[in-house]
Amino acid sequence: MALTKRTRGEVIPGFTNGILLKDLLDWPQPTQNKPESRYPAINVKETEKQFEVELAAPGLKKEKFSVLLEQNILTVSYSNEDSGSEAKEKDSGRYIIKEHNIHSFTRSFSLPEGRFNAEQIEAGYIDGVLRLEIPKKVEEKEKAKQIKIA
């Protein structure tokens, strides 16, 4: 016997899948107000030579990103300011479900003091991922020093 998922309000199992009988007020609530959906997901990885930060941001425009390094704080922000005419054209209908909503955001990260080379940080946005490569400083090994005995 196979298990069949039934939707609330379904009169004939498997016939309508509940679509025709679904109350419009019963749709899932949008996720835009949940804290976990306000910021893109990130990965931070440390390798022998660098720190790598990847920020998942599909569908965003590269020109609207800003990356700033100030006093060992790396700040990544995105500004989504639509012009008035574009916003009015887009809002001509009524959404039943709206989960795709791109907001402006800012994320900040503390970098380990003295362990990175600020002049060589590189950033790129490819296939919906903002990637930052933060090279580590090359630690100079101390050379042996002959000490005179007095």
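The values are calculated or read from the model by the stated rules, or taken from the named source; none is laboratory data. Note that this is a predicted model, so its numbers are computed, not measured. No Cβ is skipped: glycine too gets one built from the backbone with ideal geometry, and neighbour counts run over all protein chains shown.
Quick rundown of the values:
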| item | result |
| --- | --- |
| Residue within segment 26-34 that is under 30 Å from ILE121 (Cβ atoms), surrounded by 12 or more Cβ atoms within 10 Å (Cβ to Cβ), at pLDDT below 90 and not basic (Lys, Arg) present | no |
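Matching residues to (1) at pLDDT below 85; (2) assigned to a loop (DSSP other than H, G, I, E, B):
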position: ASP82; (1), (2): yes, yes
position: GLU89; (1), (2): yes, no
position: SER92; (1), (2): yes, yes
position: ILE97; (1), (2): yes, yes
position: HIS100; (1), (2): yes, yes
position: THR106; (1), (2): no, no
position: PHE109; (1), (2): no, no
position: LEU132; (1), (2): no, no
